[in-house]
Amino acid sequence: MDTNIFVTQNFRLREFACNDGTAVPEHLIPHVRLVAEQLQIVRNYYNKPILITSAYRTPKYNRSVGGATKSMHLLALAVDTKPMWHISIDEYYKTMLELTIFKGYGIGNTFLHTDLRDTYTIWYY
């Protein structure tokens, strides 16, 4: 599959690949689309780019970074992002909460984890 394809107006499939270089498995691409559609809403709202720092993870890579054993990254239902403009992570989080269907939020100093779990959960890094 061509990883250069756009899954939304501004996000390409390759941006969701594992940081170890592994492409998103074909059966998880529908999950990537769901996540990308939510990010696109926020990108459109601000009309500014969003950097994806971590999305899909292989089990091996997830273990190597200390990820949770049942991490939503393993299912391509999670994404760590950072806004590419001056905005606090707290304000970025509040916009995500208001505009998207993400329910999992991990708030870091310089990035925001969001995922499509079933129940609202928030934690801080």
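The values are calculated or read from the model by the stated rules, or taken from the named source; none is laboratory data. Not measured: the values here are computed from a predicted model. Using ideal geometry, Cβ is built from the backbone for each residue, glycine included, and neighbour counts are taken over all protein chains shown. SASA here: full protein model, heavy atoms, side chains in, ligands and nucleic acids out. Shrake-Rupley method; radii C 1.70, N 1.55, O 1.52, S 1.80 Å.
Here are a few things to note about the model shown:
- Residue in region 22-61 that is farthest from Gln9 (Cα to Cα), counting only those that are out of contact with any His (no Cβ under 7 Å at 6 or more places or on another chain) and polar (S, T, N, Q): Thr58
- Candidate set from region 8-35 (those that are over 15 Å from Ala78 (Cβ atoms) and of a type in the set (Gly, Ala, Ser)); member that is most open to solvent (accessible area, probe 1.4 Å): Gly21
- Close pairs from region 83-102: first farther than 20 Å from Asn10 by Cβ, partner part of a loop (DSSP other than H, G, I, E, B), Cβ under 9 Å, at least 6 apart: Ile89/Gly108; Ile89/Asn109; Ile89/Thr110; Ile89/Phe111; Leu97/Tyr120
- Counted residues, region 93-118 - those being under 14 Å from Ser71 (Cα atoms) and either surrounded by fewer than 17 Cβ atoms within 10 Å (Cβ to Cβ) or touching a strand residue (DSSP E or B) at 6+ places or on another chain (Cβ under 7 Å) (or both): 9
- Single unsatisfied condition, Ala68 versus (1) more than 14 Å from the chain's Cα centre (by Cα); (2) small (Gly, Ala, Ser); (3) surrounded by 13 or more Cβ atoms within 10 Å (Cβ to Cβ): (3)
- Filter result (touching a helix residue (DSSP H, G or I) at 6+ places or on another chain (Cβ under 7 Å) and part of a strand (DSSP E or B)) within region 55-80: Ala78, Val79
Here is a yes/no grid of residues against (1) part of a loop (DSSP other than H, G, I, E, B); (2) free of Cβ contacts under 8 Å to residues at least 40 places away in the same chain; (3) under 21 Å from Thr110 (Cβ atoms):
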site	(1), (2), (3)
Cys18	yes, no, yes
Leu28	no, no, no
Arg33	no, yes, no
Leu39	no, no, yes
Asn44	no, yes, no
Thr53	no, no, yes
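- Residues that are farther than 22 Å from Thr3 by Cα and either acidic (Asp, Glu) or surrounded by fewer than 17 Cβ atoms within 10 Å (Cβ to Cβ) (or both) within region 38-65 comprise Asn44, Tyr45, Tyr46, Asn47, Lys48, Arg63, Ser64, Val65, listed in sequence order.
- Scanning region 103-122 for residues that are under 10 Å from Ile89 (Cβ atoms), without any contact (Cβ under 8 Å) to a residue 40 or more places away in the chain and assigned to a loop (DSSP other than H, G, I, E, B) turns up Gly108, Asn109, Thr110.
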